[in-house]
Amino acid sequence: MNSNLKGCFAENLSVCYLQELGFHVFKGNQVNSLVDLIALDPKTLKVRLFDIKTRNYRKDGTKISRNARSPLVELLYVDVDKKECHIPQKRVK
């Protein structure tokens, strides 16, 4: 699977994942934006901003970690091969 197709698939998987968690999900409409998805919790009306990252591994099998480009944006990792999504906890400094 080429990287562009993999990214689209990861984004669609993440939309389904967030909808299963009860969020209303909106896709960003800019190509090079900090935010890929906007999720709204209908119960609390809290808005969460997500940057979707496809899970990648080094040759030794360890996970490659990424940093969010903004403190307001959360990362959402998608493992395309396993069809799994994961939102990591933010680190407290």
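The values are calculated or read from the model by the stated rules, or taken from the named source; none is laboratory data. No experiment lies behind these values; they were computed from the predicted model shown. Please note: Cβ atoms are built from the backbone with ideal geometry, for glycine as well, and neighbour counts cover all protein chains shown.
Can you tell me which residue within region 41-52, out of those that are buried (at least 16 other Cβ atoms within 10 Å of the Cβ) and farther than 16 Å from Lys83 by Cα, is farthest from the chain's Cα centre (by Cα)?
Taking region 41-52 and keeping what is buried (at least 16 other Cβ atoms within 10 Å of the Cβ), we get 48-52.
Applying the additional criterion that residues be farther than 16 Å from Lys83 by Cα yields 48-51.
On the way: Arg48: 11, Leu49: 9, Phe50: 5, Asp51: 5 Å.
Restricting to residues being buried (at least 16 other Cβ atoms within 10 Å of the Cβ) and farther than 16 Å from Lys83 by Cα, the top hit is Arg48.
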Legend entry - Residue among Lys59, Lys90, Lys6 that is assigned to a helix (DSSP H, G or I), on the phi < 0 side of the Ramachandran plot, at pLDDT below 95 and surrounded by fewer than 16 Cβ atoms within 10 Å (Cβ to Cβ): Lys6
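With the condition kept exactly as written, say whether any residue in region 64-74 is assigned to a loop (DSSP other than H, G, I, E, B), among the small types (Gly, Ala, Ser) and within 11 Å of the chain's Cα centre (by Cα). Break it down into steps so the answer makes sense when it comes.
In the first step, residues of region 64-74 are kept if they are assigned to a loop (DSSP other than H, G, I, E, B); the result is 64-72.
So of that shortlist, the ones also among the small types (Gly, Ala, Ser) come out as 65, 68, 70.
Subsequent filtering for residues that are within 11 Å of the chain's Cα centre (by Cα) retains 68.
Taking every residue of region 64-74 in turn, at least one turns out to be assigned to a loop (DSSP other than H, G, I, E, B), among the small types (Gly, Ala, Ser) and within 11 Å of the chain's Cα centre (by Cα).
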Inset, instruction - Check off (1) closer than 20 Å to Asn4 by Cα; (2) surrounded by 10 or more Cβ atoms within 10 Å (Cβ to Cβ) for Asn29 and give me the number that stays unchecked. - result: (2)
Legend entry - Residues of region 75-87 satisfying the condition of being in a loop (DSSP other than H, G, I, E, B) and among the acidic types (Asp, Glu): Asp81
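Among the residues of region 19-35 satisfying the criterion of being assigned to a loop (DSSP other than H, G, I, E, B) and at pLDDT 90 or above, which is nearest to the chain's Cα centre (by Cα)?
Step by step, filter region 19-35, then rank; the result is Val35.
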Inset, instruction - Go through region 39-56 and count every residue that is in contact with a helix residue (DSSP H, G or I) (Cβ under 9 Å, 6 or more places away or on another chain) and in a loop (DSSP other than H, G, I, E, B). - result: 1
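Residue-wise test of (1) of a type outside the set (A, V, I, L, M, F, W, C); (2) in contact with a Pro (Cβ under 8 Å, 6 or more places away or on another chain).
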position: Gly22; (1), (2): yes, yes
position: Ser33; (1), (2): yes, no
position: Leu49; (1), (2): no, no
position: Asn56; (1), (2): yes, no
position: Gly61; (1), (2): yes, no
position: Ile64; (1), (2): no, no
position: His86; (1), (2): yes, no
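Condition check ((1) touching a Ser or Thr at 6+ places or on another chain (Cβ under 7 Å); (2) touching a residue at least 24 places away in the same chain (Cβ under 8 Å)) across all residues:
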{"site": "Lys6", "(1), (2)": "yes, yes"}
{"site": "Ser14", "(1), (2)": "no, yes"}
{"site": "Leu21", "(1), (2)": "no, no"}
{"site": "Ile38", "(1), (2)": "no, no"}
{"site": "Leu45", "(1), (2)": "no, no"}
{"site": "Arg69", "(1), (2)": "no, yes"}
{"site": "Val78", "(1), (2)": "yes, yes"}
{"site": "Asp81", "(1), (2)": "no, no"}
